[in-house]
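Working notes, structure below.
The values are calculated or read from the model by the stated rules, or taken from the named source; none is laboratory data. Values in this document were obtained by computation on a predicted structure and should not be read as measured data. Heads up, the Cβs are rebuilt from the backbone with ideal geometry, glycines too, and the neighbour counts pull from every protein chain shown.
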Amino acid sequence: MDASVATALVVLAMVFGFYMAWNIGANDLANAMGTSVGSGALTLMGAVLLAGTMEFVGAFLVGPHVSETVRKGIVDLSVFADDPNGPTELALGMLAALLAAGVWLQVASYFGWPVSTTHSIVGAIVGFGVIYGGFDAVNWVGEGGITAVLRGKGGVASIAASWVVSPVLAGTIAFLTFRLVVLEAIFHRPDPVAAARRLTPYIVFCVLVVLMLVLGFKGLKPFWKNFGLSPMDTMPLTIALSAAFGGGLIGALISARLARRIVPVDAGRVAELRGFYVARALSKAIMHLRRVEYAAPMVIRERVVVVLGNAQGLLDEVRRTATEGDERSAYQDVERIFIYLQILSAGFVAFAHGANDVANAIGPLSVVVQVAQTGEIPTSSAVPLWALALGGFGIVLGLATWGWRVIQTIGKRITELTPSRGFCAEFAAATTILLASVYKLPISTTHTLVGAVLGVGLARGLGALNLVMVRDIAVSWLVTIPAGAGLAIVFYGLLHVAFL
């Protein structure tokens, strides 16, 4: 390869790689911070500082030092083998993929759509792969049928499967966590402050165990890979389990002491809060009685009307004995507990994101650099430290400059979030990532976080969701792969004309 061509390819790879990293921060990392900012647990500046630090540390210290040539094995490298210009074609394809994915992410970020960066780069690679080697060059389904698809080994089909698996699994976990832990076990109790003090150590234990395991199985996966190990091998698994349960136990003991410092509600306020508890239960009973009145035969309906009238009178009497301000004050005391848990969750998710998703920017960049240096098609490419630093800095800068657009969507435009709701969403997302890491399920971090927010909203009823925004997000997900592919085809054609 001519020296001037090699130099031009490397320079373009650095520019396009940084541009891609910038857009990853503006869109993908913003997803991780959206719930914390939307709930008020963190200010936008606080989110930038926390996420920026954890993301850069994860990307630079733990990010992959060896990257697969084609992300997710989407394109068969053998199609380049018989072409004398094969290495250059591959490098041009990677450049086109970086630019195409970056442009699509910037468009999505402008409109506040949270889309998957992995799907964007995969779609772009599919585009140039089809143009260069035809449809047979792309791994559409893989070998192994539906089992391979659901285990993340089914090529493009696994990507499509993640559109369903990610939001459904995360949404279900968020729904159950919010309904059973936050509402039933705490807020719907006669004394929510006492319930929160009692449950806090158990919640902290579960949260830390899940987050530490996410760190071990997902966040440190590139680190173990550098030593030829998998997170499920004996040594990494032993370290992860020991750290998780040890850290969870220490956190539970510390939180138990801190929980005792929460000022308990005095006897007078407990009585008032019990009144709110009774009023809430009566409101639900009246709602169900009205449904019975509408559906019941006339003979039964008359008796239901009498019961309904008595229940309504009782509700009015109970409400007169309580003041709304005291109820809100008690709930605010409980919400403060979840602020710290949410910040902790956000930091872990940002670290795991930096360690893994930086590969979407520096992986193709490293391929181009290696092709320029050797003139050969690499099966895997060494990732230099400067590339990890470039990717980490680009991601942080993207969050700081344009991330607020997607943060607003996640935090405010899908459903109203409070610290407790935001915590449930982030805990559900972390749990989903953990399950996917253990069982090798095809998921997207972006889709997981959005699904978790939807689950929290659904726990309060369909009316709590902004269905127009949900529709727009779903459409953007479906369009991501075709958009990335189409843009890559255009950019690949332009680069091909310029270099060949």
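The table below gives the values:
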| read-out | value |
| --- | --- |
| Residue among Ala430, Ala452 that alone is of a type outside the set (Val, Ile, Thr) and in contact with a Gly (Cβ under 7 Å, 6 or more places away or on another chain) | Ala452 |
| Selection status of Gly455, in contact with a Leu (Cβ under 9 Å, 6 or more places away or on another chain), modelled with pLDDT of 90 or more, on the phi < 0 side of the Ramachandran plot and not hydrophobic (A, V, I, L, M, F, W, C) | yes |
| Residue in the stretch 292-310 that is surrounded by 15 or more Cβ atoms within 10 Å (Cβ to Cβ), modelled with pLDDT of 80 or more and polar (S, T, N, Q) present | no |
| Enumeration of residues in the stretch 1-14 that are over 15 Å from Gly392 (Cβ atoms) and surrounded by 14 or more Cβ atoms within 10 Å (Cβ to Cβ) | Met1, Val5, Ala6, Ala8, Leu9, Val10, Leu12, Ala13 |
| Helices (runs of 4 or more DSSP H) enclosed by the stretch 361-474 - at least 3 residues per element that are closer than 26 Å to Val57 by Cβ and over 18 Å from the mean Cα position of the chain (by Cα) | 385-408 |
| Cβ pairs under 6 Å, 6+ apart, first in the stretch 86-103 and surrounded by fewer than 24 Cβ atoms within 10 Å (Cβ to Cβ) and part of a helix (DSSP H, G or I), second at pLDDT below 95 and small (Gly, Ala, Ser) | Pro87/Gly375 |
| Set Phe351, Phe427: member being crowded, with 24+ Cβ neighbours inside 10 Å, aromatic (Phe, Trp, Tyr) and either modelled with pLDDT under 90 or under 29 Å from Leu9 (Cα atoms) (or both) | Phe351 |
| Residue among Ala359, Ala387, Ala330 that alone is out of contact with any Pro (no Cβ under 7 Å at 6 or more places or on another chain) and either at pLDDT 85 or above or not aromatic (Phe, Trp, Tyr) (or both) | Ala387 |
| Subset of the stretch 191-213 (residues that are over 30 Å from Ala279 (Cβ atoms) and aromatic (Phe, Trp, Tyr)) | Phe205 |
| Selected residue (only one of Ala459, Ala389 is within 30 Å of Leu9 (Cβ to Cβ) and surrounded by fewer than 24 Cβ atoms within 10 Å (Cβ to Cβ)) | Ala389 |
| Lone qualifier among Ile414, Ile410 - being surrounded by 24 or more Cβ atoms within 10 Å (Cβ to Cβ) and without any contact (Cβ under 8 Å) to a residue 60 or more places away in the chain | Ile414 |
| Residue check, Ser109 in a helix (DSSP H, G or I), touching a Lys or Arg at 6+ places or on another chain (Cβ under 9 Å) and over 21 Å from Tyr492 (Cα atoms) | yes |
| Residue identified as over 17 Å from Phe348 (Cβ atoms) and of a type in the set (Ser, Thr, Tyr) among Thr7, Thr53 | Thr7 |
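Here's the yes/no breakdown for (1) out of contact with any Lys or Arg (no Cβ under 7 Å at 6 or more places or on another chain); (2) assigned to a helix (DSSP H, G or I); (3) surrounded by 22 or more Cβ atoms within 10 Å (Cβ to Cβ):
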| residue | (1), (2), (3) |
| --- | --- |
| Pro190 | no, no, no |
| Ala195 | no, yes, no |
| Arg198 | yes, yes, no |
| Phe223 | yes, yes, no |
| Pro236 | yes, yes, no |
| Ile239 | yes, yes, no |
| Ser242 | yes, yes, no |
